[in-house]
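Here's the structure we're looking at; comments come further down.
Read the figures in this text as sums done on the coordinates, not as results from a lab. On a predicted model such as this, the values are computed, not experimentally measured, just so you know. For neighbour counting, all protein chains shown are included, and Cβ atoms are generated from backbone atoms with ideal geometry for every residue, glycine included.
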Amino acid sequence: MLLPCNTVCVAWDLCSDDPLPGLKELPNYTMNVNGALDADARKDNLHGIADRPISCLLGLGERATTMFKEFNVSTIRDLSEWSLYKKATAIATLADIEETGAREAPCILNIDGAVTEEYEVKSLKEIVDAPVTALQGVGESAAEALAIHHVDTVRKLAGFKYCAWATALITLAEAENTQSAAEKTQETLLKRLA
């Protein structure tokens, strides 16, 4: 809650010689994500970045941006929640722990809803190294657009830096304090006066 300026000033004047004993200077944040964002997006906080178009990611070309529209992905938040990236990441993660030839019988474990029919009976280790078109929903035009960014397998989609950046930005946005310096100072003043 912001107080009118005169309220803060009056409270400040009522204090002793050290108006805010124990009040530390507000932090001078040095964190940045400049390597991922264009100059305009760098000025925003993480919450604001989340709703920016994916075109603000450095290196993500127009063809890829157009391709993502086919998947209803237009913002950084959308990209972090892109189901094909999540499926590719899950397959890659679990492929690392899959034991070759060790499937227990009977077992109905499957990912039929994530892969094309040709890959339904394959192991995770086979699927992760399969063409990105092994995933349901990735057509030839999307595969061509991804190939421009050297993404041609499920494993490479799981490691696609733009999706990883988006996911990291959204994850950290949840931990961001969006109070301004003035709001933080006023909050500290109110605590001292209470």
By how many nm would the segment from residue 55 to residue 183 lengthen if fully extended, with 0.36 nm per residue of separation less the alpha-carbon distance?
42.9 nm
Per-pair calculated FRET efficiency, R0 = 30 Å: residue 99 and residue 174 via Cβ, rounded to 0.05:
0.30
Which number comes out as Rg/Rh for the range 56-120 once both Rg and the Kirkwood Rh are worked out on C-alpha atoms?
1.11
Under a plain spin-label model, where a point goes 7 Å from the Cα along Cα-to-Cβ, how far apart in nm are residue 32 and residue 108?
5.5 nm
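Using the Cα centre as the reference, give the magnitude of the dipole from point charges on the C-beta atoms of the chain (Lys, Arg: +1; Asp, Glu: -1; all else neutral), rounded to the nearest 20 debye.
Details: 18 positive and 29 negative charges, 72 e Å.
For the chain, the charge dipole is close to 340 debye.
In the structure shown, do any of 43/191; 43/87; 69/122; 87/156 have a Cα-Cα gap over 23 Å, and if so which?
Cα-Cα > 23 Å for 43/191; 43/87; 69/122; rest within.
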Amide H contacts under 5 Å for residue 153, placed H, 5+ residues apart
132
Taking Cα atoms, the helix 161-173 axis meets the longest principal axis of the chain at an angle in degrees (rounded to 10) of 40 degrees
Starting with the highest mean, order 63-70, 76-83 by the number of other Cβ atoms within 10 Å, averaged over the residues of each peptide.
76-83, 63-70
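Kindly rank 89-101, 42-54 from highest to lowest mean number of other beta carbons found within 10 Å of each residue.
Numbers: 89-101: 13.6, 42-54: 16.2.
Ranked from most to least packed, the peptides come out as 42-54, 89-101.
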Relative to the longest principal axis of the chain, what angle (0 to 90°, nearest 10) does the C-alpha long axis of helix 181-193 take?
50 degrees
Computed over the range 87-177, Kirkwood Rh from alpha-carbon pairs, angstrom
14.4 Å
Just to be sure I understand: if I project the alpha-carbon convex hull of the chain onto a plane and average over all orientations, what area do I get in nm²?
16.5 nm²
Can you compute 3J(HN,Hα) from phi for each residue in the range 60-66, using the Karplus curve 6.51 cos²θ - 1.76 cosθ + 1.60 with θ = phi - 60°, rounded to whole Hz and x for Gly and Pro?
7, x, 5, 5, 5, 4, 5
